[in-house]
1. At 7 Å along Cα-to-Cβ for each site, give me the label-to-label distance between residue 7 and residue 54 in nm.
2. Run through the DSSP bridge list for the chain and note the antiparallel percent, rounded to the nearest 5.
3. Assuming R0 = 25 Å, can you tell me the calculated FRET efficiency for the pair residue 19 and residue 63, based on Cβ-Cβ distance, to the nearest 0.05?
4. Let me know the shape class of region 30-103, please: from the alpha-carbon gyration tensor, a ≥ b ≥ c as square roots of the eigenvalues, rounded when a/c is under 1.5, otherwise prolate if a/b is greater than b/c, or oblate.
5. Out of these labelled values of mean projected area of the Cα convex hull in nm², (i) 7.8; (ii) 8.4; (iii) 10.2, which was calculated from the coordinates shown here?
């Protein structure tokens with residue numbers, strides 16, 4: 001089967017913005033049914049938790065098949081925020097129908113640890129990519 005070619009602009013564009021924060025922007029594309037976060041800074045535990053709570057609220061009633069996260073400019077995720085993701089947001093994502101996750105990363109040691117922990121907990125297909133297009137293709141293929 002040929003891989004699907006899709007550009008980052010399909011999801012990450014002004015028309016798809018759900019919420020915008022000083023440290024991240026969230027997106028949803030109705031055609032490909034992907035929700036995503038493009039991180040661009042540091043944040044507190046509370047800000048991280050609030051972002052995901054708002055994200056779930058923003059996609060309420062919408063079909064979502066995959067999650068896209070560009071963490072190349074993401075600050076360090078506080079341990080308590082990561083644990084909240086594992087115990088609350090990951091199960092909620094599964095209930096919502098999110099099956100695959102594509103992550104764009106530069107694979108720094110801190111991010112590798114965070115990602116490997118999340119991957120173990122979610123027990124769903126995750127692909128770490130250096131290019132946004134590869135992450136999106138993985139999700140929708």
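1. Simple spin-label model gives 2.8 nm for this pair.
2. Approximately 35 percent, going by the DSSP bridge assignments.
3. On the way: r = 19 Å, r/R0 = 0.76.
For R0 = 25 Å, the calculated efficiency reads 0.85.
4. Working: a/c = 1.87, a/b = 1.44, b/c = 1.30.
Cα axes put region 30-103 in the prolate bin.
5. Identified label for the calculated read-out: (i).
The numbers here are math on the coordinates, done by the rules we state, and not lab data. Just so it is clear, the model here is predicted, and its values are computed rather than measured. Cβ coordinates were reconstructed from backbone atoms using ideal geometry, including for glycine residues, and neighbour counts include every protein chain displayed.
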